[in-house]
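Below: one structure, written as structure tokens.
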């Protein structure tokens with residue numbers, strides 16, 4: 001009789017103890033939707049978006065840098081496989097996203113066919129009507145509020161995309177890490193500090209040299225310590241323009257820089273530059289204070305993304321070292337030694 005009474009009692013005690021442990025165990029909070037602000041208001045993004053479409057020119061780099069492989073990417077230029085340049089291919093891996101194109105705006109039908117649960121369009125140049133059409137397909141994140149419709153600052157885009165992906169802390173760490181790398185390289189190259197430099201497209205277009213003014217398009221230089229001469233600003237068509245269009249007869253304004261960086265994408269571009277006597281007479285040209293890119297380095301500078309910027313540092317900085325010192329290899333044939 002005694003044993004029959006003890007056994008049910010012991011079982012009851014065990015059940016109560018287990019119940020107590022179960023109720024005390026911490027429960028992970030369920031993922032919640034996030035709301036992000038952009039140029040056209042706010043967008044609520046459900047947790048863990050799985051089918052993400054990159055609807056602008058460079059957003060796929062940021063998605064890949066944050067560990068998200070988009071189901072579709074948008075081609076800008078360069079005829080790269082899956083619209084993905086070499087600096088981003090490791091992150092893409094074996095994935096084969098659909099490749100979209102933009103002509104007068106996003107390809108809405110092709111985007112809808114991807115059945116997205118998130119559309120990232122921070123560099124798609126959206127207007128209100130285009131945003132509304134995308135938002136009718138899936139939650140859409142447009143360009144940062146108050147900025148340019150195309151090529152808003154890369155760090156602002158990265159933080160906005162990170163927030164939409166529920167990866168805000170990862171995005172912050174990514175941005176901070178890249179900025180720290182630039183600061184470290186600048187500190188390690190004191191000869192860059194205060195050196196005037198001009199970044200230009202190459203070769204000439206319609207009898208003009210296209211130079212980038214101080215601003216977003218030249219941050220990769222000024223973050224390394226270089227300065228961009230204000231002399232070229234008078235050739236800009238608008239006050240807030242990012243590009244100066246310098247007629248060949250005024251090419252001497254480039255002498256305000258010690259270093260010229262030319263975004264040459266093939267050997268023919270340099271040949272065309274050197275065919276111009278006014279170019280050959282420039283002081284930086286005569287002294288070999290020149291950088292000529294290849295197509296990949298030019299693309300990395302133009303992309304200005306969390307994946308392309310480290311490539312720019314690794315590839316461009318050694319060329320800048322030579323250019324500041326004067327590189328005989330970049331002088332045109334017949335220039336004085």
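The values are calculated or read from the model by the stated rules, or taken from the named source; none is laboratory data. Keep in mind the model is a prediction, meaning the values are calculated, not measured. Every residue, glycine as well, gets a Cβ built from its backbone with ideal geometry; the counts of neighbours run over all protein chains shown.
Pairs under 6 Å by beta carbon, first residue free of Cβ contacts under 8 Å to residues at least 24 places away in the same chain in segment 309-326, partner part of a helix (DSSP H, G or I) and surrounded by 16 or more Cβ atoms within 10 Å (Cβ to Cβ), six or more apart or different chains?
315/297
Taking segment 248-267 only, how many residues are in a loop (DSSP other than H, G, I, E, B) and at pLDDT below 95?
2
With the checklist (1) modelled with pLDDT of 95 or more; (2) more than 30 Å from residue 68 (Cβ to Cβ); (3) assigned to a helix (DSSP H, G or I) in hand, flag the one item residue 301 doesn't pass.
(2)
Can you find, within segment 245-257, the residue that is surrounded by the fewest Cβ atoms within 10 Å (Cβ to Cβ) among those that are under 22 Å from residue 193 (Cα atoms) and touching a strand residue (DSSP E or B) at 6+ places or on another chain (Cβ under 8 Å)?
Result: 256.
Within segment 142-167, take every residue that is in a helix (DSSP H, G or I) and touching a residue at least 60 places away in the same chain (Cβ under 8 Å) and give me the one that is surrounded by the fewest Cβ atoms within 10 Å (Cβ to Cβ).
The qualifying residue surrounded by the fewest Cβ atoms within 10 Å (Cβ to Cβ) is 163.
For segment 1-110, give me every one of the helices (runs of 4 or more DSSP H) that falls completely inside it and has 1 or more residues that are at pLDDT below 95 and over 21 Å from residue 152 (Cβ atoms).
2-24
Can you tell me how many residues within segment 111-125 are buried (at least 22 other Cβ atoms within 10 Å of the Cβ), part of a loop (DSSP other than H, G, I, E, B) and either under 16 Å from the mean Cα position of the chain (by Cα) or free of Cβ contacts under 8 Å to residues at least 12 places away in the same chain (or both)?
4
Can you pull out the residues in segment 258-303 that are touching a strand residue (DSSP E or B) at 6+ places or on another chain (Cβ under 7 Å) and under 30 Å from residue 152 (Cβ atoms)?
Residues satisfying the conditions are 259, 260, 261, 262, 263, 264, 291, 292, 293, 298, 301.
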